[in-house]
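Undergrad: Handing you a structure now.
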Amino acid sequence: MKFGLRRIIVFSRDVPALATWYSSVFGMKVREMDPSGGWADLDGGGCSLGLHGGGSRRTGDCGHKIVFGAKDVSRARAVLVKRGARLGPVKKFAGLHLCDGHDPEGNVLQISNRV
């Protein structure tokens, strides 16, 4: 089973302002903007850039999250754990399924069915 890099999530103190900056400076198209300002998804070509609110309140994170895509997150988690990955439980929010973990150096990663 091969996993494609789908998204890099950057935690932000001001999602709308940062989305505007990436859009104007790098020409990235904003594909999704949460009306509450807590999430934005920008088209980065082959990999999207997710901007996640709460950057100033988060602790223990490195400021970014690398996200790999999988249609079946539970199955992907099982495969990765057998390969030695450290992953938490699968979380489900309506149609969104995700699982967080860390690489050997402590970088945050996620498996998600969000494409």
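The values are calculated or read from the model by the stated rules, or taken from the named source; none is laboratory data. Keep in mind it's a predicted model, so treat the numbers as computed, not measured. Here the Cβ is made from the backbone with ideal geometry for all residues, glycine too, and neighbour counts use every protein chain on show. Note: areas computed on protein heavy atoms with side chains; ligands, DNA, RNA excluded. Shrake-Rupley method; radii C 1.70, N 1.55, O 1.52, S 1.80 Å.
Undergrad: So which residues in the stretch 77-111 are touching a Cys at 6+ places or on another chain (Cβ under 8 Å), at pLDDT 95 or above and open to solvent by less than 60 Å² (accessible area, probe 1.4 Å)?
TA: Gly88, Val90, listed by residue number.
Undergrad: Can you confirm whether the stretch 65-73 contains a residue that is part of a loop (DSSP other than H, G, I, E, B), modelled with pLDDT under 90 and surrounded by fewer than 17 Cβ atoms within 10 Å (Cβ to Cβ)?
TA: No, that holds for no residue.
Undergrad: Identify the single condition in (1) of a type outside the set (Gly, Ala, Ser); (2) open to solvent by 80 Å² or more (accessible area, probe 1.4 Å); (3) outside any loop (DSSP other than H, G, I, E, B); (4) modelled with pLDDT of 90 or more that Asp41 does not satisfy, given that it satisfies every other one.
TA: Here Asp41 meets the rest and fails (2).
Undergrad: Which pairs turn up if I take residues in the stretch 87-115 that are closer than 18 Å to Asp41 by Cβ and look for partners that are of a type in the set (Phe, Trp, Tyr) and buried (at least 17 other Cβ atoms within 10 Å of the Cβ) with beta carbon separation below 6 Å, at least 6 apart in sequence or on another chain?
TA: Here the result reads Ile111/Phe68, each pair linking the stretch 87-115 to a residue that is of a type in the set (Phe, Trp, Tyr) and buried (at least 17 other Cβ atoms within 10 Å of the Cβ).
Undergrad: Sort out which residues of the stretch 79-111 are of a type outside the set (Phe, Trp, Tyr), more than 16 Å from Arg7 (Cα to Cα) and not in a loop (DSSP other than H, G, I, E, B), and write them in order of number.
TA: Matches in the stretch 79-111: Val79, Leu80, Val81, Lys82, Arg86, Leu87, Gly88, Pro89, Val90, Lys91, Lys92.
Undergrad: Could I ask something else about it? Return yes when Ser24 is of a type in the set (Ser, Thr, Tyr) and surrounded by 16 or more Cβ atoms within 10 Å (Cβ to Cβ) and no when it is not.
TA: Taking the combined requirement at face value, the residue does not satisfy it.
Undergrad: Check off (1) assigned to a loop (DSSP other than H, G, I, E, B); (2) open to solvent by 60 Å² or more (accessible area, probe 1.4 Å) for Glu32 and give me the number that stays unchecked.
TA: Status for Glu32: all satisfied but (1).
Undergrad: Restricting to the stretch 6-16, what's the tally of residues that are modelled with pLDDT under 90, open to solvent by 30 Å² or more (accessible area, probe 1.4 Å) and more than 22 Å from Val73 (Cβ to Cβ)?
TA: Total meeting the criteria: 2.
Undergrad: Among the listed residues Arg31, Arg13, Arg7, identify the single one that is in contact with a Ser or Thr (Cβ under 8 Å, 6 or more places away or on another chain), in contact (Cβ under 8 Å) with a residue 40 or more places away in the chain and either under 25 Å from Ile111 (Cβ atoms) or of a type in the set (A, V, I, L, M) (or both).
TA: Result of the check over Arg31, Arg13, Arg7: Arg7.
Undergrad: Is it the case that the stretch 25-37 has a residue that's under 13 Å from the mean Cα position of the chain (by Cα) and either at pLDDT 95 or above or within 16 Å of Arg114 (Cα to Cα) (or both)?
TA: Looking through the stretch 25-37, none of the residues is under 13 Å from the mean Cα position of the chain (by Cα) and either at pLDDT 95 or above or within 16 Å of Arg114 (Cα to Cα) (or both).
Undergrad: Taking the condition of being farther than 12 Å from Leu51 by Cα and of a type in the set (A, V, I, L, M), how many residues in the stretch 20-37 meet it?
TA: Residues flagged as farther than 12 Å from Leu51 by Cα and of a type in the set (A, V, I, L, M) within the stretch 20-37 amount to 2.
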